[in-house]
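Below is one structure, written out as structure tokens; comments come after it.
Laboratory data are not the source of any read-out in this text; all were calculated from the coordinates shown. From a predicted model like this one, the values you see are computed outputs, not experimental measurements. When we count neighbours, we look across all protein chains shown, and the Cβ atoms used for this are built from the backbone with ideal geometry, even at glycine.
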Amino acid sequence: MSKFVVVVIDSFGVGAMDDVPRVRPQDRGANTCGHILQHLPQLRLPVLEKLGLINALGFTAGTLKRSAGAVYGTADLQHEGGDTFMGHQEILGTRPQSPLTMPFSEVIDEIEQALMIRGWQVERIGSTLQYLWVNGAVAIGDNLEADLGQVFNVSANLNAITFDEVRAIGEVVRHCVQVGRVIAFGGRLESSQQLRNAAEEKEGVYIGINAPRSGVYQHDFQVVHMGYGVDASVQVPQKLHDAGIKTVLVGKVADIASNPYGVSYQNLVDTQRIMDITLKEMQASGDVFICTNIQETDLAGHAQDVARYAERLELVDNNLERLMRAMQPEDCLVVMADHGNDPTIGHSKHTREKVPLLVWQPGIASACLGARSTLSDVGATACDFFAAAAPQNGSSFLSLLKPRTKTAGGKHV
């Protein structure tokens, strides 16, 4: 009974990627891990230190040192930007495609026509800039919280329309556009007018609904994220299902990744609860792939709160020790991130950073995994670990994981 456990410390990058000056200059100098350790030099993370965090970081910061026994490397983001949704799709074996960046106004005609052909009642709201108003309960326009031009929102009042219908509208939008993500979501509102009252424009180019101001998150919120070029049939959960292996997703990854045959613990944010569930699933019988997302680190990054970020890291560190104590010789643990979110850089958005890749098994020999070109190498390794077919993307590093040799006296060296 083998377990392959991936713990994604959301946003815990280890330095700006080489292409940042060209593609994302606002992230020059970003280093989430390094800057946190430098700002709080007494911070102790003994388990992450043992796993090789400083080895992956590439320089000593604070009190943490390199680990002689670590199995470590780094992984670049193959997807554009630095995105939790696409980061996890990439981890699970999707080969990222290059999305387009554009305002909703450039595709409003095509989306309007596609919806009307399918029988939806569609109005345009606004003067110079317009968004679509569907069946008197759904607004379609630019996402105003993410990087502008990269995401379109389908925002709904679930007291006036079912979430299945909202999802269907989102699928029409997804079919029409090539932006990175379409997010279809809704909550129970007293009146659909709350959505229209929260309409905003930005930079004279973008128009959409300010979702927090609309109140849509407050009651019975439901959401589905639809990524560009994401095909669940080529991802790790499907490949493992085909080989008879169960997948368990815990935390935000369960909200954004497809796992129809496994177990998904959705709508979880509290780090301790997430780690408790991960430990429980790891101790259960049977072969299983577990992927867990620790979201509270990312939330601290968005809040530019170094102290809060460090506090969450300490909690993760303590819980990693619990996981490692419970692991059996045939189990494997991977600790990584999905992008950066440097709380010291001067803006509150994700930062395009390479991520640490830390691997541990009982009795494993030290090794350098190198600079991997994609997060998908983790998903490919998980499939290789269970002798399943490979996902669409990534190269396995399983062959680099070897047991420590023993001396004549039976001691590991």
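Summing Lys, Arg as +1 and Asp, Glu as -1, what charge do residues with Cβ under 15 Å from the Cβ of Gln304 carry, Gln304 excluded?
Net charge around Gln304: -3.
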Burial-style ranking of 120-131, 142-153, 301-312, average other-beta-carbon count within 10 Å with highest first, yields 142-153, 301-312, 120-131
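Calculate, in nm to one decimal, what Ala284 and Tyr217 gain on full extension: separation in residues at 0.36 nm each, minus their alpha carbon distance.
Taking Ala284 through Tyr217 to full extension adds about 20.7 nm, to one decimal.
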Expressed in angstrom and rounded, the centroid-to-centroid distance over alpha carbons for the range 233-269 and the range 341-357 is 26 Å
Extend 7 Å from the Cα of Glu314 along its Cα-to-C-beta direction; within the range 36-52, residues with backbone N under 16 Å of that point are 36-49
Residue separation between His302 and Ala168 times 0.36 nm, minus their alpha-carbon distance, gives in nm 45.1 nm
Applied in sequence order to the range 206-218, the curve 6.51 cos²θ - 1.76 cosθ + 1.60 (Karplus, θ = phi - 60°) yields integer Hz couplings, x standing for Gly and Pro, of 10, 9, x, 9, 6, 4, x, 5, 6, x, 5, 7, 7
Counting only DSSP beta bridges with both partners in the range 204-352, the antiparallel fraction in percent, to the nearest 5, comes to 10 percent
Expected sort for 268-281, 90-103 on mean C-beta neighbours within 10 Å, highest first, is 90-103, 268-281
Burial-style ranking of 72-85, 106-119, 51-64, average other-beta-carbon count within 10 Å with highest first, yields 72-85, 51-64, 106-119
For Lys402, counting only lysines whose alpha-carbon sits under 23 Å away and dropping same-chain residues fewer than eight positions off, the answer is Lys3, Lys50, Lys411
Scoring only Lys, Arg, Asp and Glu (+1, +1, -1, -1) among other residues with Cβ under 12 Å from the Cβ of Val151 yields -2
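Under a Cβ-Cβ cut-off of 15 Å, what is the net charge of the residues other than Ile117 that fall near it, where Lys and Arg count +1 and Asp and Glu count -1? Don't skip to the end; give the middle numbers.
On the way: positive: Arg118; negative: Asp109, Glu110, Glu112, Glu171.
Result for the neighbourhood of Ile117: -3.
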Summing -39500 (n - 2.57) over every DSSP H run of at least 4 residues in the chain and dividing by its residue count gives a helix-only mean residue ellipticity at 222 nm, to the nearest 500 deg cm²/dmol, of -8500 deg cm²/dmol
